[in-house]
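Read-outs: derived from the displayed coordinates by stated rules, not from any lab. For clarity, every value in this text was computed on a predicted model and none was experimentally measured. Don't worry about glycine lacking a Cβ; one is built from the backbone with ideal geometry, like all the others, and counts go over all protein chains shown.
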Amino acid sequence: ADQWGDKMKFINAGIAAIQAYRAEMPKEGRGSQEQITWLVTLADYSDTEWKTIQEVATANNVKLIAISSSEELTNYVNGKTLNQESGTEQRTNDPISDMSIFAHGWPNNIGLAQKVKDRKKREYLKDH
């Protein structure tokens, strides 16, 4: 049983997807050196839980990026940095080959920080 219960369901789903993706990667040649980057929002996790997430990322050889807003998510996807606008040379030189999202949401929307009680402080990524 998962010691964290329902709280880590997106983390667990993400790790399962990372492991499945890694198993499908070629062992040699094109695509064998693909870096897996895992973006995780900080909003819902305690320091202890975040430390566990970091340990899991290290154990699975993935680059872990902590995001705290929908703007940072958009910036990283489009520009490979949390604080710059889209279209940077970094992303042009390293395009995303595959992307999976595990989050609350509905068509054309991803809800970040769903457990934040004040709805005005929640972030929503819409049609970016």
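Remarks
- Annotation: amide H of Thr81 within the under-5 Å range of Tyr76, sequence separation 5 or more or interchain, hydrogens built in the peptide plane.
- Charge sum, other residues only, whose C-beta stays under 12 Å from Ala17's C-beta, Lys/Arg counted +1 and Asp/Glu -1: -1
- One chain, two ends: Arg22 and Thr58. Fully extended at 0.36 nm per residue, the span grows by 11.6 nm beyond their Cα-Cα distance.
- Ordering of 94-102, 45-53 by burial proxy (mean other Cβ atoms within 10 Å per residue, highest first): 45-53, 94-102
- 3J(HN,Hα) along region 49-64: 5, 5, 4, 4, 4, 4, 5, 5, 4, 4, 4, 9, 6, 10, 7, 9 Hz, from the Karplus curve 6.51 cos²θ - 1.76 cosθ + 1.60 with θ = phi - 60°, whole Hz, x for Gly and Pro.
- Placed amide H near Ile65: partners under 5 Å, 5+ positions off or other chain: Trp38, Leu39, Val40
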